[in-house]
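Colleague: Structure in structure tokens, see below.
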Amino acid sequence: MADREAFWAEQAERLTWDTKWSRVLDWSGAPFAKWFVGGKLNVAYNCVDRHVEAGHGDQVAIHWVGEPGDTRDITYAQLKDDVSRAANALLSLGVKAHDRVAIQLQMIPEAIVAMLACARIGALHSVVFGGFSPAALRSRVDDAAAKIVITSDGQFRRGKAAPMKANVDQALEGAESVEKVIVVRRTGEDVPMNPERDVWWHDLVDAQSPEHTPEAFDSEHPLFILYTSGTTGRPKGILHTSGGYLTQVAYTHHVVFDHKPGRDVYWCTADIGWVTGHSYIVYGPLANRVTQVVYEGTPNTPHEGRHWEIIQNYKVSIYYTAPTLIRTFMKWGDDIPAKYDLSSLRVLGSVGEPINPEAWIWYREHIGAGKAPVVDTWWQTETGAIMISPLPGVTATKPGSAQTPLPGISAIVVDDTGKEVPHGGGGYLVLDKPWPSMLRGIWGDDERFKETYWSRFADQGYYFAGDGAKYDDDGDIWLLGRVDDVMNVSGHRISTTEVESALVSHPAVAEAAVVGASDPTTGQGIVAFVILRGEAAVQELRDHVAKEIGPIAKPRQIMVVPELPKTRSGKIMRRLLRDVAENRQIGDVTTLADSSVMDLISAKLAEA
Ligand code: 6R9
């Protein structure tokens, strides 16, 4: 433990601290950790100002590419002015340290500026993915009692403008905590503005002074809340704090991608609505003085070579994306990337779900010219930063395996009783030692935090990740997917319960059961089984789910059935439904309360 702490103390020196910590780790209140106790720093200063002070003000921080083809280059000096203005703007609205600011924005520079402005004044941001429905936004705004919401008039999606502000208006009807809504103009469409509540970003922010002195906050000062799906319907607000989080995202961004400031051009294709956008677009890269591409749009607008064209134009050297997108590129054809000069690429990253060996090999061959190392990075919203990954040029990589915990990190595979399994064995992935960027809790729900992550292996004090894993004969780790009721659709976590609740909220649905069925492109696809009590077309039910949660949660398939398979204690046997969804022979039905149910379902589906 002493060595581990010394290691992290050394990594924390990457940051600029206002007051140095007196103790690396206080784990006496486990599972609530305190890292770099007594230290003080400003996260935004570390990501922006200090680079300007060190003489890199003219270095481009962000090469932004808009979907319609408009571009902006933002230097660190400009970013400092922008973040300072936005911080002054929030202060002028009465935002104080510890207040919560909800942000629903697409991938435009203002999204990053807004996040850093919050960090600069010690307010917590809660970024809500732009594709989430008004209902999903509202539940997050209410849960965190957000005082401010930042959004845009609309967003470009596949060449068309789609409304954002209109959704936010719908979401916030009667929302008590919200005092102001700040609206960035992007698509230029007409939006109704509520004069008491709404203010344009360009009116408010542009008028502010670019001078703002950052205040140093405690190392454990809360930085942000990010909601993620759990096994129950209610999303969890994952809480991250400052010093430990920034230390680990900066360290991992440096070692996993072998990033060299001033030399590399980095591109992480995630959206800031997910943790990958927080840790590997905003905090880690900017703390490391990155020059990075930020792209607003979809990968096939206006054509399927868009990513390769951007890599060629900006000479991107590090590219970090998700297996679902790699499989989509494979489907579009090898000839598309072949048309572009991708020779600048030297490191390729993958995140979000297990990468199948075929996709790994295609990625390395067709994008990495057969030589760029592929780093398969395992981590979670809760871990805050990468935990398991090969190191480029150090680890001999294996297609499909995340391989080994990073230096400073410990992760093991254990059996049901918490005993580590031997090489060749499989079980559950656990984190057996605290790490700096670990979540500090679930917003407003300490009990749920303990119950969800720390009760499964309470005797050993292990963090239960919810993923199945195995060791190969060399002791390398292979991730095997979730072991709970969380689906992984295109790298997005969606709980089966969340989709089930959305379905039963439709008046025609009596009961619903949802499973993740393996899907060649998206990893898993959502398949729903519903019992109807009224008339409803399947398409209407799919749209209903999109309206309740967001288009990403739309079931791929909905099957109307007469009964659902349940155990005697009333638990739905998803395993059997997964057999149906994946066209397999149906497994053991002996624990069903009524074993004829599966015959009924099969007969009904055969009819259709
Ligand atoms: C960063 C992120 C976390 C869940 C995680 C696991 C899956 C992520 C993976 C991976 C295998 C990888 N996951 N990366 N599985 N190999 N390299 O994705 O966070 O959205 O919270 O999802 O994603 O199942 O538990 P988050």
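Colleague: Between Glu365, Glu353, Glu358, which is crowded, with 17+ Cβ neighbours inside 10 Å and among the acidic types (Asp, Glu)?
Modeller: On the way: Glu365 fails: crowded, with 17+ Cβ neighbours inside 10 Å; Glu358 fails: crowded, with 17+ Cβ neighbours inside 10 Å.
None of the others qualify; the one that does is Glu353.
Colleague: Continuing with this model, one more query. So which residues in region 459-468 are more than 10 Å from the ligand (Cβ to nearest atom) and touching a residue at least 60 places away in the same chain (Cβ under 8 Å)? Full working, then the answer.
Modeller: Initially, region 459-468 is screened for residues more than 10 Å from the ligand (Cβ to nearest atom), giving 459-464.
Result: Gly461, Tyr463.
Colleague: I need the full set of residues from region 48-76 which are open to solvent by less than 50 Å² (accessible area, probe 1.4 Å) and assigned to a loop (DSSP other than H, G, I, E, B), in order please.
Modeller: Initial filter on region 48-76 (open to solvent by less than 50 Å² (accessible area, probe 1.4 Å)): 48-52, 57, 59-67, 69, 74-76.
Within region 48-76, Gly57, Gln59, Gly66, Glu67, Gly69 qualify.
Colleague: Quick one: is Trp21 touching a strand residue (DSSP E or B) at 6+ places or on another chain (Cβ under 6 Å) and at pLDDT 95 or above? Show your work before the answer.
Modeller: Values: touching a strand residue (DSSP E or B) at 6+ places or on another chain (Cβ under 6 Å): yes; at pLDDT 95 or above: yes.
Yes: the conditions hold for Trp21.
Colleague: State the number of residues belonging to region 77-106 that are in a strand (DSSP E or B) and open to solvent by 40 Å² or more (accessible area, probe 1.4 Å). Don't jump to the end; show me each part of the working.
Modeller: Here is the first cut: in region 77-106, the residues in a strand (DSSP E or B) are 100-103.
Filter once more, keeping what is open to solvent by 40 Å² or more (accessible area, probe 1.4 Å): 100.
So the count comes out to 1.
Colleague: Please verify whether region 506-521 includes one or more residues that are in contact with a Phe, Trp or Tyr (Cβ under 9 Å, 6 or more places away or on another chain), within 21 Å of Leu605 (Cα to Cα), open to solvent by 50 Å² or more (accessible area, probe 1.4 Å) and in contact (Cβ under 8 Å) with a residue 12 or more places away in the chain. Don't jump to the end; show me each part of the working.
Modeller: Start the filter on region 506-521 by keeping residues that are in contact with a Phe, Trp or Tyr (Cβ under 9 Å, 6 or more places away or on another chain), which leaves 511-515.
So of that shortlist, the ones also within 21 Å of Leu605 (Cα to Cα) come out as 511-515.
Checking which are open to solvent by 50 Å² or more (accessible area, probe 1.4 Å) leaves us with 511.
If we keep only those that are in contact (Cβ under 8 Å) with a residue 12 or more places away in the chain as well, we get 511.
Yes.
Colleague: Go over the candidates Ile409, Ile386 one by one and state the one that is within 12 Å of the ligand (Cβ to nearest atom), among the β-branched types (Val, Ile, Thr) and in a loop (DSSP other than H, G, I, E, B).
Modeller: Values: Ile409 fails: within 12 Å of the ligand (Cβ to nearest atom).
The match here is Ile386.
Colleague: Still on this structure, please answer the following. Within region 235-287, can you find the residues that are in a loop (DSSP other than H, G, I, E, B) and either away from the ligand (no atom under 16 Å from the Cβ) or open to solvent by less than 10 Å² (accessible area, probe 1.4 Å) (or both)? Break it down into steps so the answer makes sense when it comes.
Modeller: Keep residues of region 235-287 that are in a loop (DSSP other than H, G, I, E, B), which gives 235, 242, 258-265, 269-274.
Selection gives Ser242, Asp258, His259, Lys260, Pro261, Gly262, Arg263, Asp264, Val265, Ile272, Gly273.
Colleague: Mind telling me which of the residues Gly66, Gly38, Gly55 ends up being on the phi > 0 side of the Ramachandran plot, touching a residue at least 12 places away in the same chain (Cβ under 8 Å) and not charged (D, E, K, R)? Quick ask: steps written out before the conclusion?
Modeller: Values: Gly66 fails: on the phi > 0 side of the Ramachandran plot; Gly55 fails: touching a residue at least 12 places away in the same chain (Cβ under 8 Å).
It is Gly38.
Colleague: Pull out all pairs, ordered by first then second residue, where Cβ-Cβ is under 8 Å, the residues are six or more apart or on different chains, the first lies in region 196-209 and is closer than 8 Å to Ile182 by Cβ, and the second is loosely packed, with under 12 Cβ neighbours inside 10 Å.
Modeller: Partner pairs satisfying both residue conditions: none exist.
Colleague: Output yes when any residue across region 495-507 is within 16 Å of the ligand (Cβ to nearest atom), under 25 Å from the mean Cα position of the chain (by Cα) and farther than 25 Å from Gly130 by Cα, and no when none is. Outline the logic, then answer.
Modeller: Step one: list which residues in region 495-507 are within 16 Å of the ligand (Cβ to nearest atom), which gives 495-496, 498.
Still in the running and under 25 Å from the mean Cα position of the chain (by Cα): 495-496, 498.
Keeping just the survivors that are farther than 25 Å from Gly130 by Cα gives none.
No, the conditions are met nowhere in region 495-507.
Colleague: Kindly indicate whether Thr19 is open to solvent by 30 Å² or more (accessible area, probe 1.4 Å) and closer than 24 Å to Ile281 by Cβ. So that I can check it myself, show each step before the final result.
Modeller: Details: open to solvent by 30 Å² or more (accessible area, probe 1.4 Å): yes; closer than 24 Å to Ile281 by Cβ: no.
For Thr19, the condition - open to solvent by 30 Å² or more (accessible area, probe 1.4 Å) and closer than 24 Å to Ile281 by Cβ - is not met.
Colleague: I'd like the full set of residues that are among the hydrophobic types (A, V, I, L, M, F, W, C), modelled with pLDDT under 95 and more than 9 Å from the ligand (Cβ to nearest atom), limited to region 392-406.
Modeller: First, pick out the residues of region 392-406 that are among the hydrophobic types (A, V, I, L, M, F, W, C): 394, 396, 402, 406.
Those left that are additionally modelled with pLDDT under 95: 394, 396, 402.
Val394, Ala396, listed by residue number.
Condition check ((1) within 16 Å of the ligand (Cβ to nearest atom); (2) under 17 Å from Trp379 (Cα atoms)) across all residues:
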{"site": "Lys470", "(1), (2)": "yes, yes"}
{"site": "Asp485", "(1), (2)": "yes, no"}
{"site": "Val509", "(1), (2)": "no, no"}
{"site": "Thr522", "(1), (2)": "yes, no"}
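Colleague: Moving on to the next point. Go through Leu564, Leu592, Leu600 for me and flag whichever is surrounded by fewer than 16 Cβ atoms within 10 Å (Cβ to Cβ) and at pLDDT below 90.
Modeller: Working: Leu564 fails: surrounded by fewer than 16 Cβ atoms within 10 Å (Cβ to Cβ); Leu592 fails: surrounded by fewer than 16 Cβ atoms within 10 Å (Cβ to Cβ).
On inspection, the qualifying residue turns out to be Leu600.
Colleague: Related question: Name every residue in region 318-334 that is closer than 25 Å to Met115 by Cβ and either open to solvent by less than 10 Å² (accessible area, probe 1.4 Å) or over 23 Å from the mean Cα position of the chain (by Cα) (or both), in order of residue number.
Modeller: Listed by number, the residues that qualify are Ile318, Tyr319, Tyr320, Thr321.
Colleague: Considering region 442-477 alone, what residues qualify as being modelled with pLDDT of 95 or more, open to solvent by 20 Å² or more (accessible area, probe 1.4 Å) and in a strand (DSSP E or B)?
Modeller: Phe464
Colleague: Across region 539-553, what is the total count of residues that are open to solvent by less than 70 Å² (accessible area, probe 1.4 Å) and touching a helix residue (DSSP H, G or I) at 6+ places or on another chain (Cβ under 9 Å)?
Modeller: Within region 539-553, residues that are open to solvent by less than 70 Å² (accessible area, probe 1.4 Å) and touching a helix residue (DSSP H, G or I) at 6+ places or on another chain (Cβ under 9 Å) number 9.
Colleague: Output the strands (runs of 3 or more DSSP E) that fall wholly within region 133-222 and possess 1 or more residues being open to solvent by 50 Å² or more (accessible area, probe 1.4 Å), or say none.
Modeller: On the way: elements: 148-152, 154-157, 160-163, 180-184, 198-200.
Ranges flagged: 154-157, 160-163, 180-184.
The values are calculated or read from the model by the stated rules, or taken from the named source; none is laboratory data. Please read these numbers as outputs of a predicted model, since none were measured by experiment. Cβ: placed from backbone, ideal geometry, glycine included. Neighbour counts: every protein chain shown. Ligands, DNA and RNA are excluded from the accessible area calculation, which covers all protein heavy atoms including side chains. Shrake-Rupley method; radii C 1.70, N 1.55, O 1.52, S 1.80 Å.
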